[in-house]
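The next block holds one structure in the form of structure tokens; read it before the comments.
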Amino acid sequence: MGYKVAVVGATGNVGREMLAILAERKFPADEVVALASRKSVGTEASFGDKILKVKALEYYDFSDVDICLMSAGGAVSKEWSPKIAAAGAVVIDNSSAWRMDPDVPLIVPEVNAAAIDGFAKKNIIANPNCSTAQLVVALKPLHDKATIKRVVVATYQSVSGAGKDAMDELFSQTKAVFTLGEIATKKFPRRIAFNVIPHIDDFMEDGYTKEEWKMVVETKKILDPKIKLTATCVRVPVFVGHSEAVNIEFEKPISVEEAREILRSAPGCIVIDKHEPGGYVTPYESVGEDATYISRIRTDPTIDNGLQMWIVSDNLRKGAALNAVQIAETLINRKLIQAKKKAA
Ligand SMILES: NC(=O)c1ccc[n+]([C@@H]2O[C@H](COP(=O)([O-])OP(=O)(O)OC[C@H]3O[C@@H](n4cnc5c(N)ncnc54)[C@H](OP(=O)(O)O)[C@@H]3O)[C@@H](O)[C@H]2O)c1
């Protein structure tokens, strides 16, 4: 007997990708339901070669749902995840609502799959922020080898990380530049077309943004609380694919060759690192791919045991939908969930 899976936010960037990935990976589901807000009722969502009619979250009965992949933002998750979890479905949430709750595991399966075992306290499992997910996939094998002390990261994040309206804004602003039309800004605080914005999510008292803070605390929770991390998160006019320039200081020596070899055999990582034009991965090539790509690995001669690298991944996949589906697969592989008996 297969599972019944509900995708909440099925009309959004992440939800659509979740449906595609469930189909692609032949997830053992007998039934998949697509849910969104009331305004989307009756619209259609693709699931492999099937078309699902979108239903409203607020009227949906979750009593026979086994797994709920949630991707409808923090406010919706805060209200609905506990109710869905109480109905007996395991919620795998993509928002930041539950990530730092001590009773909610924050999981990247390549990094800390075993931490999932405590999920039953709330029946909720959190997915990290997109920029954290790809970062920890690359940091974990290096940390195991040489113990990371400190990480300095600058991100170059695509507009799809801010949802479908943000993608529309980049598109319409770009069109307006070429047609001499009006450049309207709604989703972003400044024009994003042909520009970069050093600001993602709200500002905090210390001058950092919440996006930067999330990278710090989530890396500690997933990988190691002793790792010090500082980040500058920047929005760039790219539709899909987040990039990161990462400087890592280790406790023990580690050479570029060792790092390259370790990353070559690490789960979820692909190294493309030729010292020639185009011998690296850009966000454009990462679109639709599952891997976290690592390029430009080199020594930082200004510190002891320092490496510098470039990390790229599809933020809608490893940064969100793929990671969520991998969490569901981890639940099944670790025999932590059984399909509920369904009415005949
Ligand atoms: N994009 C990324 O790279 C990324 C990465 C990690 C995490 N996340 C997180 O994933 C979540 C979704 O992001 P996204 O990029 O997919 O956003 P999006 O494209 O704006 O889609 C939002 C989805 O949420 C649904 N929704 C909104 N309000 C709802 C309500 N009251 N009840 C039911 N459904 C509702 C929308 O349905 P309607 O179409 O009916 O409004 C839509 O399906 C966010 O929490 C985001 O922070 C995103």
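None of the figures in this text is laboratory data; all of them are computed from the coordinates on show. Remember, predicted model here, so these are calculated numbers, not experimental data. Note: ideal-geometry Cβ built from the backbone for every residue, glycine included; neighbour counts use all protein chains shown.
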- Task: Return the FRET efficiency for the residue pair A23, E205: r is the Cβ-Cβ distance, R0 is 35 Å, and the value is rounded to the nearest 0.05.
- Result: 0.20
- Can you sort K140, K26, K220 by how many other beta carbons sit within 10 Å, fewest first? K26, K220, K140
- Task: Return a whole-number percent for the relative contact order of the chain, with Cα pairs under 8 Å and 6 or more residues apart as the contact set.
- Result: 18 percent
- Note on the structure: Taking the reciprocal of mean 1/r across every pair of different Cα atoms in the chain, the Kirkwood radius in Å is 20.8 Å
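Which shape class applies to segment 172-235: rounded if a/c is under 1.5, otherwise prolate when a/b exceeds b/c and oblate if not, where a ≥ b ≥ c are the square roots of the Cα gyration tensor eigenvalues?
Values: a/c = 4.16, a/b = 3.03, b/c = 1.37.
Verdict is prolate for segment 172-235.
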- Message: Using the Kirkwood radius over C-alpha pairs as Rh, can you work out the diffusion coefficient of segment 1-156 via Stokes-Einstein at 10 °C, viscosity 1.306 mPa s, in µm² per second?
- Response: 96 µm²/s
- Counting only DSSP loop positions in segment 249-285, the GluC sites (Glu not before Pro) whose Cβ has at most 12 other Cβ atoms within 10 Å are none
- Message: Using Stokes-Einstein with the Kirkwood hydrodynamic radius over Cα pairs, what translational diffusion coefficient do you get for segment 187-286 at 10 °C and a viscosity of 1.306 mPa s, in µm²/s rounded to a whole number?
- Response: 97 µm²/s
- Message: Please report the spacing between the Cα centers of segment 325-344 and segment 140-188 in Å, no decimals.
- Response: 34 Å
- Message: Which trypsin sites (Lys or Arg not before Pro) in segment 234-307 sit in a loop by DSSP (not H, G, I, E or B) and have at most 12 other Cβ atoms within 10 Å of their own Cβ?
- Response: K274
- In degrees between 0 and 90, to the nearest 10, how far off the longest principal axis of the chain does helix 74-86 point, with axes built from Cα atoms? 50 degrees
- Note on the structure: Taking the reciprocal of mean 1/r across every pair of different Cα atoms in segment 207-344, the Kirkwood radius in Å is 17.3 Å
- Task: Evaluate the relative contact order of segment 1-130 (contact order divided by residue number), counting alpha-carbon pairs under 8 angstrom at least 6 apart; express in whole percent.
- Result: 21 percent
- Item | Relative exposure of H242, H199, judged by other C-beta atoms within 10 Å (fewest first) | H199, H242
- Among K145/K210; K121/K186; K83/K145; K26/K210, which pairs are too far apart, with a Cα-Cα distance over 32 Å? K121/K186; K83/K145; K26/K210
- For helix 322-333, what angle does its Cα long axis make with the longest principal axis of the chain, in degrees from 0 to 90 and rounded to 10? 70 degrees
- Message: As I understand it, the value is the acute angle between the Cα axis of helix 164-179 and the longest principal axis of the Cα atoms of the chain; what does it come to in degrees, rounded to 10?
- Response: 60 degrees
- Task: Round to the nearest 0.05 the FRET efficiency obtained for I303 and T147 when R0 = 22 Å and r is the Cβ-Cβ distance.
- Result: 0.90
- Message: Explain nothing, just the number: dipole magnitude of segment 31-89 about its Cα centre with +1 on each Lys and Arg Cβ and -1 on each Asp and Glu Cβ, in debye rounded to the nearest 20.
- Response: 260 debye
- Options A321, Y293, I337, ranked by Cα towards positive dipole end of segment 251-341, top entry (Cβ charges): I337
- Item | Binned Cα-Cα distance frequencies in segment 64-182 - 5 Å width, integer % | 2, 10, 15, 17, 15, 12, 11, 8, 5, 3, 1, 0
- Message: Using Cβ contacts closer than 10 Å as the measure, can you line up R317, R38 from fewest to most?
- Response: R38, R317
- Message: What's the magnitude of the charge dipole for segment 51-169 around its Cα centre, counting Lys and Arg as +1 and Asp and Glu as -1 at the beta-carbon? Answer in Debye, nearest 20.
- Response: 440 debye
- Under a point-charge model restricted to the Cβ atoms of Lys and Arg (+1) and Asp and Glu (-1), what is the dipole moment magnitude of the chain relative to its Cα centre, in debye to the nearest 20? 580 debye
- GluC sites (Glu not before Pro) within segment 145-206: which are DSSP loop residues with at most 10 other Cβ atoms inside 10 Å? E182, E205
